[in-house]
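Notes follow once the structure below has been shown.
The values are calculated or read from the model by the stated rules, or taken from the named source; none is laboratory data. No experiment lies behind these values; they were computed from the predicted model shown. Positions of Cβ are backbone-derived with ideal geometry, glycine not excepted, and every protein chain shown enters the neighbour counts.
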Amino acid sequence: MSLADLREEYRRGALGDADVDADPFAQFRAWFDDAVAAGVAEPNAMTLSTVGLDGYPSSRVVLLKALDARGFTFFTNYDSQKGRELAACPRASLTFLWLATQRQVTARGDVERVPEAESNEYFATRPRGSQLGAWASDQSRHVASRAALDARLAEAEARFPGEVPRPPHWGGFVLRPTRVELWQGRTNRMHDRLVYARDGERWALSRLCP
Ligand SMILES: Cc1cc2nc3c(=O)[nH]c(=O)nc-3n(C[C@H](O)[C@H](O)[C@H](O)COP(=O)(O)O)c2cc1C
């Protein structure tokens, strides 16, 4: 299989200037619902790109767990690589790729921790195994072996036979977007791109060349 021969024509939709909601969050919701209806696996998976401490970009997938008037919320380990990078430079971008609808959404903006009560509330809804995993994993740090990691989980299980409290190093971040871009694949690589840019209290909408 030659990589150069892999080629897909995008014919599933179009994005006219009048098709979109004036509010990017409402528009995101509509596209998210379309992705769910189209059977996209884990439609809330998004690539989070941060600014590395060495200046190189740094990307990984996390799960969107809430969308509200503030922005996009995800949960992670504050001491992880991404957590340390966000502490040093609280700016990031998110990319959603929904191939079943031939769409991409990117958002970028400023990131802050959510209030602790919010992290507590979400942590309490997680399965016990995930809660224990948050204690057992020094996310992004080297570990000697898989066996050593499993031993740490066993330690956490023994330490918390009942309710598992939220580790202080684990919680949510919310990205407040200043820019949101919708991309709809079209034929001949003449895709539609509409960008919302924050302009004070309102959003300015414009079109970009593909
Ligand atoms: C589908 C998927 C969902 C993921 N969701 C999360 C998540 O919500 N939070 C998280 O911390 N890591 C999540 N991960 C793992 C991250 O991609 C990453 O490996 C981890 O957070 C460590 O990243 P870092 O070392 O850059 O901080 C997910 C990975 C995948 C593939």
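Annotations
- Within the stretch 50-62, residues that are within 9 Å of the ligand (Cβ to nearest atom) have Cβ atoms under 9 Å from residues that are among the basic types (K, R) and modelled with pLDDT of 95 or more in these pairs: T50/R60; T50/K82; T50/R91; S58/K82; R60/K82; V62/K82, counting only partners at least 6 apart in sequence or on another chain.
- Filter pass, R166 being of a type in the set (K, R) and surrounded by fewer than 18 Cβ atoms within 10 Å (Cβ to Cβ): no
- Any chance D34 is more than 14 Å from R113 (Cα to Cα), more than 13 Å from the ligand (Cβ to nearest atom) and touching a residue at least 24 places away in the same chain (Cβ under 8 Å): yes
Residues checked against (1) under 16 Å from the mean Cα position of the chain (by Cα); (2) part of a strand (DSSP E or B); (3) in contact (Cβ under 8 Å) with a residue 60 or more places away in the chain:
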residue: L94; (1), (2), (3): yes, yes, yes
residue: L97; (1), (2), (3): yes, yes, no
residue: T106; (1), (2), (3): yes, yes, yes
residue: E112; (1), (2), (3): yes, yes, yes
residue: W135; (1), (2), (3): no, no, no
residue: V143; (1), (2), (3): no, no, no
residue: A147; (1), (2), (3): no, no, no
residue: E163; (1), (2), (3): no, no, no
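- The set of residues in the stretch 114-133 that are of a type in the set (A, V, I, L, M, F, W, C) and outside any helix (DSSP H, G or I) contains only V114.
- Subset of the stretch 177-210 [in contact with a strand residue (DSSP E or B) (Cβ under 7 Å, 6 or more places away or on another chain), polar (S, T, N, Q) and either surrounded by fewer than 15 Cβ atoms within 10 Å (Cβ to Cβ) or closer than 15 Å to G109 by Cβ (or both)]: T178, S206
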